[in-house]
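Structure, as structure tokens:
Read the figures in this text as sums done on the coordinates, not as results from a lab. Computed from a prediction, not measured in an experiment: that's the story for all the values here. Glycine gets a Cβ as well: all are built from the backbone with ideal geometry, and neighbour counts include every protein chain shown.
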Amino acid sequence: MSIEANYQVAKKQYEQWGIDVDAALEKLKQVPISIHCWQGDDITGFEVEERELSGGIDVTGNYPGKATTPEQLRNDIEKALSLIPGKHRINLHAIYAETNGGKVDRDQLEPKHFQNWIDWAKEHDLGLDFNPTLFSHPKAEDGLTLSHPDKEIRDFWIRHCKASRRIAEHMGKELGTPALTNIWIPDGYKDIPSDRLTPRKRLKESLDEIYADQIDERYNLDAVESKLFGIGSEAYVVGSHEFYMGYALKNNKLCLLDSGHYHPTEMVSNKISSLLLFSDKVALHVSRPVRWDSDHVITLDDELKEIGLEIVRNDALDKVMIGLDFFDASINRVAAWTIGTRNMVKALLYALLMPNDQLRTYQDEGNFTDRLAVLEEFKTYPFGYIWDYYCQEMNVPSGMDWLKDVREYEETELSKR
């Protein structure tokens, strides 16, 4: 049977539950995913001075074809986008500045250093998001930045974050869609600290100074991102979830939830509804932790499906800003983007095709038998037929056809690097 014929069969099965499949696909088309640029070059960036990766981050593998120039990275992203249904965004770190061979330290970065990215985004009708880079730098070699006891070092990173917000504001103004500027820092201690309060006090004061600069919210939105622990900060992280959630809610900033930044038994899907009650918007970095914050390529596992369900059944597709954050150098990097982003879109589609209202009614009535029976039944519904049709409608390969395109790109482009 053809993709169209399979779609019609599946559509009738879902419609028996009152699910408007065509409407679900129209909704899905409107949801942008912020795709992280750093999967393509293993978070190397384009600074003049090459620096080793630090800050509790680790990229493993040496698959050939890593992007080493801005042009290569943008070409690779374009290839991945051609295989992913929908219109999306690209998330940049400050280390992806282009300085024409000149040395520009991070506190001196300006919008002009990202003009090539802006022009490229305009050409491809993409939004951009941004992150100051507070790792892999001599002034972060001891694992402390905005909470550092040395005021001179703190001030350097404060200037960098201020510059980043101005860059993001410029991006938002140029592209007509606000950039999300997300602050994550590696600050913490390897062993149990003797003073937990003072570093957090310094971090709060640093953030207050950063956000004292007036930035137009029509063009820039601010987010802060927590972490449980990292390499070299196993015992204590200054920017904990409790710290940033409190700071974000009190100061009208977005609390960004990274699905790899919590205890292994903590699920980001369980946190979304709580934050939606107290914040107009919530930001996500969707990753896949394996035993620790390992940032594996996301798969269509139970947690990813539950994240999609929490967004959809709470009518929050326009309230949750979905970004990705994984990096794997052991597989083809374009394939990593493609697999992970397609899975994020699949999770949203899966949620849009669930009888969420009926399941909510069962729960409110205490009818947990029917609720569980329906949940299990839908696991074998012909979701794949709907997905293939959506890909076809969005002019991207359906099924496994995308992998052939990646292999051809590897042969013609990646293998020659």
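When the GluC sites (Glu not before Pro) in segment 119-153 are filtered for DSSP coil states and for at most 13 other beta-carbon atoms within 10 Å of their beta-carbon, the remaining sites are Glu141.
Within segment 32-354, antiparallel bridges make up roughly 15 percent of the DSSP beta bridges whose residues both belong there. Given contacts defined as C-alpha pairs under 8 Å and at least six residues apart, what's the relative contact order of segment 198-251, whole-number percent? Computed value for segment 198-251: 36 percent relative contact order.
Sparse packing (at most 10 other Cβ atoms within 10 Å of the Cβ) combined with a DSSP loop state is found for none of the chymotrypsin sites (Phe, Trp or Tyr not before Pro) in segment 70-156. When the helices of the chain are scored as -39500 (n - 2.57) per DSSP H run of n ≥ 4 and the total is divided over every residue, the value at 222 nm lands at -13500 deg cm²/dmol.
Amide H contacts of Ile90 (H built 1.01 Å from N, in plane; Pro and chain starts excluded): Ile35, Gly127, Leu128, Asp129 sit under 5 Å, all sequence-distant by 5 or more or on other chains. With a threshold of 25 Å on the Cα-Cα distance, the over-threshold entries among Lys79/Lys346; Lys151/Lys204; Lys151/Lys281 are Lys151/Lys281. The distance from the alpha carbon centre of segment 57-124 to that of segment 226-262 is 26 Å, rounded to a whole number.
Taken along the Cα-to-beta-carbon direction at a fixed 7 Å, the label points for Gln115 and Glu49 span 2.6 nm. Dipole check for the chain: with +1 at the C-beta of Lys and Arg, -1 at the C-beta of Asp and Glu, and the Cα centre as origin, the magnitude is about 400 Debye. Remark: segment 148-164, residue by residue, has Karplus-estimated 3J(HN,Hα) of 4, x, 7, 4, 4, 5, 4, 5, 4, 6, 4, 4, 4, 5, 5, 4, 5 Hz, where x stands for each Gly or Pro and the curve is 6.51 cos²θ - 1.76 cosθ + 1.60 at θ = phi - 60°. Basic side chains Lys and Arg get +1 at the Cβ, acidic Asp and Glu get -1 at the Cβ, and with that the dipole of segment 20-84 about its Cα centre reaches some 180 debye.
Going 7 Å from the Cα of Lys103 in the Cα-to-Cβ direction, what parts of segment 121-142 have a backbone nitrogen less than 13 Å from that spot? Counting backbone N atoms under 13 Å from the label point, the list is 138.
Summarising the amide proton neighbourhood of Ser54: residues at separation of 5 or more, or on other chains, whose placed amide H is nearer than 5 Å comprise Ser136. Charge tally for Lys227 (other residues, Cβ to Cβ under 10 Å; Lys, Arg +1; Asp, Glu -1): -4. For the chain, the longest principal axis of the C-alpha atoms and the axis of helix 401-412 are separated by about 40°.
Calculated FRET efficiency, Lys201 to Tyr63, Cβ-Cβ distance, R0 = 45 Å: about 0.55 to the nearest 0.05. Dipole size of segment 269-366 about its Cα centre, with +1 on Lys/Arg Cβ and -1 on Asp/Glu Cβ: approximately 300 debye, rounded to the nearest 20. A dipole drawn for the chain from +1 and -1 charges on Cβ atoms has a positive end, and of Ile95, Gly127, Tyr244 the residue lying farthest that way is Tyr244.
Ordering Ser273, Val31, Cys391 by Cα displacement along the dipole of the chain toward the positive end leaves Ser273 in first place; charges were set at the Cβ atoms of Lys, Arg (+1) and Asp, Glu (-1).
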